[in-house]
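**Student:** I am attaching a structure below and will ask some questions about it afterwards.
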Amino acid sequence: MVDLLPGETRRWQWVEGSAREHFRRACVDEIRTPLLEQTTLFARGIGETTDVVGKEMYTFEDRGGRSCTLRPEGTASVVRAALEHGLLSQGPQRLWYCGPMFRYERPQAGRQRQFHQIGLEFLGFGDARSDVETIAIAWDWLTALGLKGLTLELNTLGDGDDRGRFRQDLVRFLEAHRQLLDPDSLDRLERNPLRILDSKHPDTQALLERAPTLIQSLSTGSRLRFEEVQSGLAALNIPVHLNPKLVRGLDYYSHTAFEITSDQLGAQSTVCGGGRYDTLVDQLGGPPTPAMGWALGMERLLLLLAHQDFVGSFHDKPDVYLVNRGVRASAAALVLARELRNFGVQVMLDAGAAAFSKQFKRADRSGAAWALVLGDEEFDSGMVVLKSLHHQHPEQQYSLQDIHGLLARLRE
């Protein structure tokens, strides 16, 4: 788990603000859920045979003897909240969330045990067009950030009957080639064979080239639905790479599954992933409700932005650096800074009482365009001096009572 220091936090705020504006334009409302949930929520929702539930969750008993878990993902919590508060009775919901998640896994670049996600959930939307819209919202936001080297990988997991047929065919094939499977895949063969498709082991990957595919097990309805999703994405000029090996790591997915990957992140290439989960609401005690969503890892996104030299865009510079020295001037500077801030000006107030020369050096380093200078001499005359820090504008004096005149100059 890592600390986010001020410089890094500014970058996070910039990205979060961009997401918030993007969701606003798409008429998606924010929802905030607790970090701590009952363990059964994730066992039922994510699936007891998944690595997340079996190996990675932070689970403990509280003082009341209840099993609690720090949320490892956001979807189950959003669905739980929607059911608990009757949101679905008000019609389909377009929701997004942002916040920390927790998984006990091996830390690496872009992946910590406390990590952060931005996610979107469309609850109550069942047609293929909603799949296209949710994917487009993610794709358009990432491209609006200026990211390059992105690929949309797409697959269908079919419905429950499709996966049942495919599971039988896949297990039959893998059982006949057990000697070629790596230890993790052998374990998954007994518990969750579809997850073997996501194996990174080279021998298993080579074997899977000859394995049956889920496409071959799709019903006519599932096949037509997948073609409709592809046609919708093509109409939006979103390029698609079909990946029949793409599966999501959680049991609740069905039909459309997708990932947006980047060629800038090495082995951990996935930036955003999601899909359709039409059975999850039912599993958690609600009425049968179609749903579609995705989640994006903030750490990986920030790594990707850093790779593409976006760091300079995040530096938040003050508008004005207020240089001040002297007993009377220091008290007046606090009043002046407050007045300017109340009018929307970003003011850095020097609080060191150092010599003017040192304060001006700090003003230059701050990146502010202007310095306001207030010493006891200026205070006694009722004036403040405005100096341009990076251009050859002449100094100007303003009455301490003429805030509006000063504001007009700062906003030119």
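**Student:** Would you confirm whether or not the range 194-212 contains a residue that is within 23 Å of the chain's Cα centre (by Cα), free of Cβ contacts under 8 Å to residues at least 24 places away in the same chain and either closer than 30 Å to Arg11 by Cβ or surrounded by fewer than 22 Cβ atoms within 10 Å (Cβ to Cβ) (or both)?
**Tutor:** Residues of the range 194-212 within 23 Å of the chain's Cα centre (by Cα): 198.
Cutting the leftovers down to free of Cβ contacts under 8 Å to residues at least 24 places away in the same chain gives us none.
No, there is no match, as no residue in the range 194-212 is within 23 Å of the chain's Cα centre (by Cα), free of Cβ contacts under 8 Å to residues at least 24 places away in the same chain and either closer than 30 Å to Arg11 by Cβ or surrounded by fewer than 22 Cβ atoms within 10 Å (Cβ to Cβ) (or both).
**Student:** Let me ask something else about it. So is Asp161 out of contact with any strand residue (DSSP E or B) (no Cβ under 9 Å at 6 or more places or on another chain), in contact (Cβ under 8 Å) with a residue 24 or more places away in the chain and exposed (fewer than 15 other Cβ atoms within 10 Å of the Cβ) or not? Full working, then the answer.
**Tutor:** Details: out of contact with any strand residue (DSSP E or B) (no Cβ under 9 Å at 6 or more places or on another chain): yes; in contact (Cβ under 8 Å) with a residue 24 or more places away in the chain: yes; exposed (fewer than 15 other Cβ atoms within 10 Å of the Cβ): yes.
For Asp161, the condition - out of contact with any strand residue (DSSP E or B) (no Cβ under 9 Å at 6 or more places or on another chain), in contact (Cβ under 8 Å) with a residue 24 or more places away in the chain and exposed (fewer than 15 other Cβ atoms within 10 Å of the Cβ) - is met.
**Student:** On to the next question. So which residues in the range 181-193 are at pLDDT below 80 and either surrounded by 19 or more Cβ atoms within 10 Å (Cβ to Cβ) or within 11 Å of Lys245 (Cβ to Cβ) (or both), if there are any at all?
**Tutor:** Asn192
**Student:** Given Leu410, Leu349, which one is under 44 Å from the mean Cα position of the chain (by Cα), modelled with pLDDT under 90 and surrounded by 14 or more Cβ atoms within 10 Å (Cβ to Cβ)? Quick ask: steps written out before the conclusion?
**Tutor:** Numbers: Leu349 fails: modelled with pLDDT under 90.
None of the other options fit; the residue is Leu410.
**Student:** Determine, yes or no, whether Arg10 is assigned by TED's automatic domain parsing to the domain that holds Ala82, farther than 19 Å from Met101 by Cβ, of a type in the set (D, E, K, R) and surrounded by 13 or more Cβ atoms within 10 Å (Cβ to Cβ).
**Tutor:** yes
**Student:** Take the residues in the range 240-285 that are in a loop (DSSP other than H, G, I, E, B) and either of a type in the set (Gly, Ala, Ser) or at pLDDT 95 or above (or both), then tell me which one is farthest from Gly160 (Cα to Cα).
**Tutor:** In this case the residue turns out to be Gly266.
**Student:** What number of residues within the range 208-225 satisfy the criterion of being touching a strand residue (DSSP E or B) at 6+ places or on another chain (Cβ under 9 Å) and not in a helix (DSSP H, G or I)?
**Tutor:** The number of residues fulfilling the criteria is 1.
**Student:** Scan the range 364-402 for residues that are in contact (Cβ under 8 Å) with a residue 40 or more places away in the chain and crowded, with 17+ Cβ neighbours inside 10 Å and report the count.
**Tutor:** Within the range 364-402, residues that are in contact (Cβ under 8 Å) with a residue 40 or more places away in the chain and crowded, with 17+ Cβ neighbours inside 10 Å number 11.
**Student:** Just for the range 47-78: of the residues that are part of a loop (DSSP other than H, G, I, E, B) and farther than 23 Å from Glu121 by Cα, which one is modelled with the lowest pLDDT? Steps first, please.
**Tutor:** First, the residues of the range 47-78 that are part of a loop (DSSP other than H, G, I, E, B): 47-50, 57-58, 62-66, 71-74.
Next, only the ones that are farther than 23 Å from Glu121 by Cα stay: 49, 58, 62-66.
Numbers: Thr49: 56, Tyr58: 90, Asp62: 92, Arg63: 93, Gly64: 93, Gly65: 94, Arg66: 93.
So, considering only residues that are part of a loop (DSSP other than H, G, I, E, B) and farther than 23 Å from Glu121 by Cα, the one modelled with the lowest pLDDT is Thr49.
**Student:** Follow-up. For Ser231, state whether it is over 19 Å from Gly160 (Cα atoms), in the same structural domain as Thr289 (by TED's automatic domain parsing) and in a helix (DSSP H, G or I).
**Tutor:** Here the answer is yes, as Ser231 does meet what is asked.
**Student:** Still on this model: Looking only at the range 123-175, how many residues end up being hydrophobic (A, V, I, L, M, F, W, C) and within 16 Å of Leu197 (Cα to Cα)?
**Tutor:** Count: 7.
**Student:** Then there's this: Identify, by number, the condition in (1) surrounded by 18 or more Cβ atoms within 10 Å (Cβ to Cβ); (2) over 30 Å from Trp14 (Cβ atoms) that Glu153 doesn't meet.
**Tutor:** Glu153 satisfies every listed condition except (2).
**Student:** Let me ask another. Which condition number does Trp294 fail, the rest of (1) within 18 Å of the chain's Cα centre (by Cα); (2) modelled with pLDDT under 95; (3) not charged (D, E, K, R) being met?
**Tutor:** So Trp294 meets the others, but not (2).
The values are calculated or read from the model by the stated rules, or taken from the named source; none is laboratory data. From a predicted model like this one, the values you see are computed outputs, not experimental measurements. When we count neighbours, we look across all protein chains shown, and the Cβ atoms used for this are built from the backbone with ideal geometry, even at glycine.
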